[in-house]
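The values are calculated or read from the model by the stated rules, or taken from the named source; none is laboratory data. Small disclaimer: the values here were computed from a predicted structure and weren't measured. Note that we place each Cβ from the backbone using ideal geometry, even for glycine, and neighbour counts take in every protein chain shown.
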Amino acid sequence: MSNFNIEDHPHKRLNPLTNDWILVSPHRSKRPWQGQVEKTIIDERPKYDPSCYLCAGNERAGGHKNPDYKGTFVFTNDFSALLTNTPEGGMDEGSLFQAKSESGICKVICFSENHSLTIPEMEVEDIRKVIDVWCEQFEELGGNELINYVQIFENKGAIMGCSNPHPHGQIWSSSSVPVEPAKESVSQKAYFEKNGATLLGDYLKAELDKKERLLAQNEHFVALVPYWAVWPFETMIISKRPVQNVLQLTEEEKTAFADMYKQLTVKYDNLFETSFAYSAGLHQAPTDGKDYPEWHLHMHFYPPLLRSATVKKFMVGYEMLATPQRDITAEQAAKRLRDLSDIHYKKQ
Ligand code: H2U
Ligand code: ZN
């Protein structure tokens, strides 16, 4: 038998942040594709849509009226998944029936008054304003006695369940630390205690050395396809300096973050010349007042598209029942994204 070669042979890779394994089947990406290849969907929208619940001056559910805002606008989600006035308590009938009450605050952030824009089409200085709102909200929500974790995220595109193309994101903040950041918290703490450095700091150093999964970098941030990526074009933005949360970023770092957010999403749009759908979000230290030197700020991007503007990867079958699996390797995906232009296809 020949020697194991990671570029050709099926293997599992460990995600050190969650301690989950994923299956990679590189030999399958060589099989011919006979499915449809759709034409690019041209997505042209007006700057103002009278029927949009996020446009300035329009009415939202429950009769609230948006102000005539310019730039960013934040409001409490009219259908919040978490509420502030939930009574404490739960259910504890042995180990098989457990429930705990959960409180929180949910917000919606409009990124711009311009209905036709998306992050990759916004100017860096305007994306920077979104990051400033993240900072304000993180400070306000994280400072609330009730809140121990602040989840900032963006759903982009109808196939990711996004309800409205108007550029926007959300924040769900809760009294307990949710499942994904809780897993990352455990792994980062164990790594920090053993190595005296953050897991992602060491990971980033190694990736900057290897270069094969890098997409872009500026002075303070790096965009890459993580070694353990599950989604075909899954990526991460990682801060070069280990910081626990956005409040520890310098002014210059915040602008660099905005720049990386744009660079990455421009590449995404250019991949299939479409407005590239994803769910993206920040992972930061809990806000329970404790110090978390092991926590290293980063942003995950989970995009579902696989082959074209409409052919997406399904997480079904084996992935639901056993382990997530991918064909195209993280290295192949990184190369494809890295080689794309930094200029948005609509402006080329
Ligand atoms: P998406 O980011 O998935 O599109 O969700 C938008 C949020 O906006 C969603 O959580 C809220 C929904 O509850 N929303 C309002 O708060 N007010 C409205 O008038 C409609 C939608
Ligand atoms: Zn709108």
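Considering only residues in segment 208-221 that are within 19 Å of PRO232 (Cβ to Cβ) and of a type in the set (D, E, K, R), the one that is surrounded by the most Cβ atoms within 10 Å (Cβ to Cβ) turns out to be ARG213. Do we find a residue being among the charged types (D, E, K, R), within 13 Å of the chain's Cα centre (by Cα) and assigned to a loop (DSSP other than H, G, I, E, B) anywhere in segment 260-277? No.
Cβ contacts < 6 Å: first residue in contact (Cβ under 8 Å) with a residue 24 or more places away in the chain, restricted to segment 177-192; second residue surrounded by 14 or more Cβ atoms within 10 Å (Cβ to Cβ) and assigned to a helix (DSSP H, G or I), any location; separation 6+ or different chain. Result? Hits for this filter: GLN188/LEU199; TYR191/LEU199. The C-beta contact set for segment 52-76 (first residue at positive phi, second residue within 11 Å of ligand 1 (Cβ to nearest atom), distance under 8 angstrom, 6+ apart or interchain) comprises GLY57/LYS65; GLY57/ASN66; GLY62/ASP78.
Looking only at residues in segment 160-173 that are more than 13 Å from VAL74 (Cβ to Cβ) and buried (at least 21 other Cβ atoms within 10 Å of the Cβ), which one is farthest from ligand 2 (Cβ to nearest atom)? Ranking the candidates gives PRO167 first.
Tell me which residues, restricted to segment 308-348, are of a type in the set (D, E, K, R), closer than 29 Å to GLU123 by Cβ and outside any loop (DSSP other than H, G, I, E, B). First the steps, then the outcome.
Filtering segment 308-348 down to residues of a type in the set (D, E, K, R) leaves 312-313, 319, 326-327, 331, 335-336, 338-339, 342, 346-347.
Pick out the ones that are also closer than 29 Å to GLU123 by Cβ and you get 335-336, 338-339, 342, 346-347.
Matches in segment 308-348: LYS335, ARG336, ARG338, LYS346, LYS347.
Exactly one residue out of ASN58, ASN66, ASN114 is within 25 Å of the chain's Cα centre (by Cα) and at pLDDT 95 or above: that is ASN114.
The residue pairs whose first member lies in segment 243-270 and is farther than 19 Å from VAL225 by Cβ, whose second member is among the β-branched types (Val, Ile, Thr) and outside any helix (DSSP H, G or I), and whose beta carbons are closer than 8 Å, counting only pairs six or more residues apart or on different chains, are ASN245/THR287; LEU249/VAL243; GLU253/VAL243. If you check GLY71, GLY104 for being in contact with a Ser or Thr (Cβ under 8 Å, 6 or more places away or on another chain) and closer than 27 Å to THR255 by Cβ, only one passes: GLY71.
Residues in segment 53-77 that are surrounded by 14 or more Cβ atoms within 10 Å (Cβ to Cβ) and outside any loop (DSSP other than H, G, I, E, B) were compared, and the one that is nearest to ligand 2 (Cβ to nearest atom) is PHE73. Sub-7 Å Cβ pairs linking a first residue in segment 103-132 that is under 24 Å from ASP342 (Cβ atoms) to a second residue that is within 13 Å of ligand 1 (Cβ to nearest atom) and among the basic types (Lys, Arg), at least 6 apart or interchain, are THR118/LYS156, ordered by first then second residue.
Take residues that are within 16 Å of ligand 1 (Cβ to nearest atom) and of a type outside the set (S, T, N, Q) and tell me which of the strands (runs of 3 or more DSSP E) falling wholly in segment 78-186 contain 1 or more. First the steps, then the outcome.
Details: elements: 90-93, 97-100, 104-110, 149-156, 168-174.
Of the strands (runs of 3 or more DSSP E) lying wholly inside segment 78-186, those with at least 1 residues that are within 16 Å of ligand 1 (Cβ to nearest atom) and of a type outside the set (S, T, N, Q) span 104-110, 149-156, 168-174.
Residue count for segment 1-19 satisfying the condition of being part of a loop (DSSP other than H, G, I, E, B) and out of contact with any Asp or Glu (no Cβ under 7 Å at 6 or more places or on another chain): 12.
Annotation for segment 268-278: no member residue is crowded, with 22+ Cβ neighbours inside 10 Å, touching a Lys or Arg at 6+ places or on another chain (Cβ under 6 Å) and more than 17 Å from VAL130 (Cβ to Cβ).
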